Amino acid sequence: MADHPSHHLVYGTLKDYLTGEELTDTDDERIRQDLARMMVEKLGYRHSELTPRLCIETLFTRNFVKSTIDLTVELEKKQVMIVRYGPGSLVSRERSAFAAARVLNEAYRIPLAVVTNGRDAVLLDTVETRDLGHGMQVIPDRQALLDMLPSLIFLPPQSDEKRLREKRILNAFDLERCCIGI
């Protein structure tokens, strides 16, 4: 039984598509697994180029938040794109995706981010803070991303002050409020 009450239906456990790790089987996790499978089987990424569940931990105003990056795509030894899943509206998740891409890697800012609810997606340019398209078809396949690689800009890390602001944004956007006080 879970340590805290949750609104998520738990069906047992499942094996992670990329790592084989045993995970809690929920509706959201099933969608995350479908995304990983799509990235490999339809979009041509290698298992080794996808890292699931990287985290950014923040603590502000006594609120500890563990922001999970569902998938991080690495090509030619560079983290090129992050994928963040969340149910519902995509527009409400864009700002936190920009923030995550800007602070996940301490050596440079990751230039692309995808936010998706499993049925729709938005591809984001994190350098120019703009969206590059909507729909699941905007998630670049491996070859398209390799073709984009020479033109992508890997900006150096932001100043400590700006990184702190981005982490505050992650903390505020990713704080799970639905189950607090239950």
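Being closer than 23 Å to Thr19 by Cα and either exposed (fewer than 14 other Cβ atoms within 10 Å of the Cβ) or out of contact with any Cys (no Cβ under 7 Å at 6 or more places or on another chain) (or both) is the requirement here; does Asp120 meet it? Spelling it out, it is not the case that Asp120 is closer than 23 Å to Thr19 by Cα and either exposed (fewer than 14 other Cβ atoms within 10 Å of the Cβ) or out of contact with any Cys (no Cβ under 7 Å at 6 or more places or on another chain) (or both).
Condition check ((1) in contact with an Asp or Glu (Cβ under 6 Å, 6 or more places away or on another chain); (2) acidic (Asp, Glu)) across all residues:
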| site | (1), (2) |
| --- | --- |
| Val83 | yes, no |
| Glu94 | no, yes |
| Leu152 | no, no |
| Phe173 | no, no |
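Within the range 46-77, being within 18 Å of Asp147 (Cα to Cα) and surrounded by fewer than 16 Cβ atoms within 10 Å (Cβ to Cβ) holds for Arg46, Glu76, Lys77. Close Cβ contacts (under 6 Å, 6 or more residues apart or on different chains) running from residues in the range 37-58 that are more than 11 Å from Asp141 (Cα to Cα) to residues that are aromatic (Phe, Trp, Tyr) and surrounded by 16 or more Cβ atoms within 10 Å (Cβ to Cβ) comprise Arg37/Tyr17. Considering each residue of the range 1-16, count those that are of a type in the set (A, V, I, L, M, F, W, C), over 17 Å from Asp34 (Cβ atoms) and at pLDDT 50 or above, and give that number. Within the range 1-16, residues that are of a type in the set (A, V, I, L, M, F, W, C), over 17 Å from Asp34 (Cβ atoms) and at pLDDT 50 or above number 1. Scanning the range 123-133 for residues that are touching an Asp or Glu at 6+ places or on another chain (Cβ under 8 Å) and in contact (Cβ under 8 Å) with a residue 24 or more places away in the chain turns up Leu124, Asp131.
Take the conditions part of a helix (DSSP H, G or I), in contact with a strand residue (DSSP E or B) (Cβ under 6 Å, 6 or more places away or on another chain) and of a type in the set (Gly, Ala, Ser) and apply them to Ala172. Does it pass? Judged against the criteria, Ala172 is not a match.
Scanning the range 14-64 for residues that are part of a helix (DSSP H, G or I) and β-branched (Val, Ile, Thr) yields a total of 2. Residues in the range 157-170 include none that are touching a Phe, Trp or Tyr at 6+ places or on another chain (Cβ under 6 Å) and closer than 23 Å to Met39 by Cα.
The number of residues in the range 14-71 that are polar (S, T, N, Q) and farther than 30 Å from Arg165 by Cα comes to 5.
Checking each residue in the range 39-60 for being in contact with a helix residue (DSSP H, G or I) (Cβ under 6 Å, 6 or more places away or on another chain) and at positive phi picks out only Gly44. Among residues of the range 136-166 being within 21 Å of Arg95 (Cβ to Cβ) and charged (D, E, K, R), the one that is surrounded by the most Cβ atoms within 10 Å (Cβ to Cβ) is Glu166. With respect to the stated conditions, Val127 is surrounded by 12 or more Cβ atoms within 10 Å (Cβ to Cβ), of a type in the set (A, V, I, L, M) and out of contact with any helix residue (DSSP H, G or I) (no Cβ under 8 Å at 6 or more places or on another chain).
When the residues of the range 87-105 are filtered to those that are modelled with pLDDT under 95 and outside any helix (DSSP H, G or I), the one that is surrounded by the most Cβ atoms within 10 Å (Cβ to Cβ) is Leu90.
The values are calculated or read from the model by the stated rules, or taken from the named source; none is laboratory data. Nothing here was measured: the structure is a model prediction, and the numbers come from that model. All Cβ positions, even for glycine, are placed from backbone atoms using ideal geometry, and neighbour counts span all protein chains on display.
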